[in-house]
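K.L.:
Quick one: this structure, given as structure tokens, is what I'll be asking you about.
The values are calculated or read from the model by the stated rules, or taken from the named source; none is laboratory data. As the structure is a computational prediction, the values presented were derived from the model and not from experiment. Here the Cβ positions follow ideal geometry from the backbone for every residue, glycine too, while neighbour counts run over all protein chains shown. SASA here: full protein model, heavy atoms, side chains in, ligands and nucleic acids out. Shrake-Rupley method; radii C 1.70, N 1.55, O 1.52, S 1.80 Å.
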Amino acid sequence: MTLSIYIGNKVYSSWSLRGWLAARQSGLPFKEVVAPLYDDSWAERRQMPEFEPSNGKVPILWDDDKPVWESLAIIDYLADKVGRDRFWPADDAARALARSMASEMHAGYQALRSQCGMNLRHVYPPEPLTPEVEADVQRITSLWDQAKRRFGQGGDYLFGGFGAVDIMFAPVVTRFRTYSIPLPSLASDYCAAVWDHPFMVDWSRGAAGENWVIEKFERAAEKA
Ligand SMILES: N[C@@H](CCC(=O)N[C@@H](CS)C(=O)NCC(=O)O)C(=O)O
């Protein structure tokens, strides 16, 4: 069995971070292929066979000749392979909340995602948030609070040990840092734990080694 994950730039690609963290969390050996997004060759590259099943999107995981795309599907495909408990809480009530939070992250928070793009290269000074981003931040931190208080006493992460929900929210943690978004103490401690997780440290190291700049994802360009 050979697992290969195709991802975008580690500085910018939030969905890639989720897929890659899932691959690391599986504990299985895998090959990583970084495809720089939105460069001059991207329009052509995204049509290559490795990106065909996902319609040119990353992340995409190949298990030999079997493609899986969409970050949440990658998590569940790998959980099926290595055992659900590595990704999801064992307790039914905890898992019900975890599944709901992961799905809400996958489908929602459009304002935060569009107005505060992932960019590991920067920590910007704080600025007033739009009401829409403020509402996303409130919703996310209230869910974190609920998970942590009800089910997360046994470890540093939302449900104790690191798992699928932490993977899904990891790019949010980086956005809170990049945009210096003020957080309540529980959320702030949780963000520190995710940021310091060994997989995140490895990802950040990879990001620090990248030179690609995608102008449309830089704050100055957004404001021009
Ligand atoms: N819902 C997908 C989102 C995938 C996605 O939009 N990936 C972006 C990069 S973060 C992408 O591939 N963009 C390149 C393109 O659309 O050409 C997931 O969960 O993986």
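K.L.:
Restrict the check to segment 79-93 and report whether at least one residue is open to solvent by 60 Å² or more (accessible area, probe 1.4 Å), assigned to a loop (DSSP other than H, G, I, E, B), among the hydrophobic types (A, V, I, L, M, F, W, C) and at pLDDT below 95.
P.N.:
First, the residues of segment 79-93 that are open to solvent by 60 Å² or more (accessible area, probe 1.4 Å): 80-81, 84-86, 90-92.
Then drop every residue that is not assigned to a loop (DSSP other than H, G, I, E, B), which leaves 90-91.
Retained after the next criterion (residues that are among the hydrophobic types (A, V, I, L, M, F, W, C)): 90.
Add one more test, that the residue is at pLDDT below 95, and what stays is none.
No; the residues of segment 79-93 include none that is open to solvent by 60 Å² or more (accessible area, probe 1.4 Å), assigned to a loop (DSSP other than H, G, I, E, B), among the hydrophobic types (A, V, I, L, M, F, W, C) and at pLDDT below 95.
K.L.:
Has segment 86-95 got at least one residue that is within 16 Å of the ligand (Cβ to nearest atom) and without any contact (Cβ under 8 Å) to a residue 24 or more places away in the chain?
P.N.:
So the first thing to find is which residues in segment 86-95 are within 16 Å of the ligand (Cβ to nearest atom), and the list is 87.
Those left that are additionally without any contact (Cβ under 8 Å) to a residue 24 or more places away in the chain: none.
Looking for residues that are within 16 Å of the ligand (Cβ to nearest atom) and without any contact (Cβ under 8 Å) to a residue 24 or more places away in the chain, one finds none in segment 86-95, hence no.
K.L.:
Over 22 Å from Pro171 (Cα atoms) and modelled with pLDDT of 95 or more - does that describe any residue in segment 5-22? Walk me through it before giving the result.
P.N.:
Quick first cut of segment 5-22, residues over 22 Å from Pro171 (Cα atoms) only: none.
No: zero hits.
K.L.:
Taking the conditions exactly as written (in contact with a helix residue (DSSP H, G or I) (Cβ under 8 Å, 6 or more places away or on another chain) and surrounded by 14 or more Cβ atoms within 10 Å (Cβ to Cβ)), does Ala23 satisfy them or not? Please lay out each step first, then the result.
P.N.:
On the way: in contact with a helix residue (DSSP H, G or I) (Cβ under 8 Å, 6 or more places away or on another chain): yes; surrounded by 14 or more Cβ atoms within 10 Å (Cβ to Cβ): yes.
It is true that Ala23 is in contact with a helix residue (DSSP H, G or I) (Cβ under 8 Å, 6 or more places away or on another chain) and surrounded by 14 or more Cβ atoms within 10 Å (Cβ to Cβ).
K.L.:
Can you give me the number of residues within segment 40-55 that are within 10 Å of the ligand (Cβ to nearest atom) and either closer than 24 Å to Arg24 by Cβ or part of a helix (DSSP H, G or I) (or both)?
P.N.:
Residues in segment 40-55 being within 10 Å of the ligand (Cβ to nearest atom) and either closer than 24 Å to Arg24 by Cβ or part of a helix (DSSP H, G or I) (or both): 5 in total.
K.L.:
With a cut-off of at least 1 residues that are open to solvent by less than 10 Å² (accessible area, probe 1.4 Å), name the helices (runs of 4 or more DSSP H) lying wholly within segment 123-224.
P.N.:
Those helices (runs of 4 or more DSSP H) span 131-151, 164-178, 185-195, 198-208.
K.L.:
Going by what's in this entry, would Leu37 be described as more than 12 Å from the ligand (Cβ to nearest atom) and in a loop (DSSP other than H, G, I, E, B)?
P.N.:
Criteria not met by Leu37.
K.L.:
Is it fair to say Asp63 is farther than 29 Å from Arg149 by Cβ, away from the ligand (no atom under 11 Å from the Cβ) and open to solvent by less than 10 Å² (accessible area, probe 1.4 Å)?
P.N.:
yes
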